[in-house]
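Have a look at the structure below, then the notes.
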Amino acid sequence: QVQLVESGGGLVQAGGSLRLSCVASGRTFSTYVMGWFRQAPGKDREFVAYISRSGIATSVADSVKGRFTISRDNAKNTVYLPMNSLKPEDTAVYYCAATPAVTDYDAVDEYNYWGQGTQVTVSS
């Protein structure tokens, strides 16, 4: 079992930046693939970013490519999502997710563990 807690959300103006963090419990953080997903009101949860166990392999959704990145610090049991050039359409609850392994890293149902979410609101 692993527990995930996101933080760093808030209200920003369009063009601004935020950095989300996700802290995981346990001593086996490096054995988990990590992902970020988001869900806007009335919409399905969608993929944002993925990072491999080592942190070497990453992927981000086309909608955020060039603006968001993902990184992890296994010594701190933490994964990060720095977000730049934020747009109103980025407004959503952002969720951290973990799984031992994935075939399709952008699929919601591939992930076993989820955080509580953190709200990101971007005003125009």
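Dipole magnitude for segment 1-71: about 100 debye, using +1 per Lys or Arg Cβ and -1 per Asp or Glu Cβ, origin at the Cα centre. Spread over its residues, the convex hull of the C-alpha atoms of segment 78-124 is 98 Å³ per residue. With all protein chains in place and a 1.4 Å probe, the accessible surface of the chain carries 46 percent carbon and sulfur.
Surface exposure of the chain, expressed per residue as accessible area with a 1.4 Å probe, stands at 51 Å².
Cα gyration tensor of segment 8-50, axes a ≥ b ≥ c as square roots of the eigenvalues: rounded (a/c below 1.5), prolate (a/b > b/c) or oblate?
Oblate.
Express in % the proportion of alpha carbon pairs of the chain at distances exceeding 23 Å.
Beyond 23 Å sits 22 percent of the P(r) for the chain.
Put a plus charge on the Cβ of each Lys and Arg, a minus charge on the Cβ of each Asp and Glu, and nothing anywhere else: the dipole of the chain about its Cα centre is then about 400 debye.
Separation of segment 85-115 from segment 21-46 is 5 Å, based on Cα centroids. With contacts taken as Cα pairs under 8 Å and at least 6 residues apart, segment 1-121 reaches a relative contact order of 34 percent.
The values are calculated or read from the model by the stated rules, or taken from the named source; none is laboratory data. As the structure is a computational prediction, the values presented were derived from the model and not from experiment. Using ideal geometry, Cβ is built from the backbone for each residue, glycine included, and neighbour counts are taken over all protein chains shown. Each accessible area value is taken on the protein alone, full model and side chains, heavy atoms only, with ligands, DNA and RNA left out. Shrake-Rupley method; radii C 1.70, N 1.55, O 1.52, S 1.80 Å.
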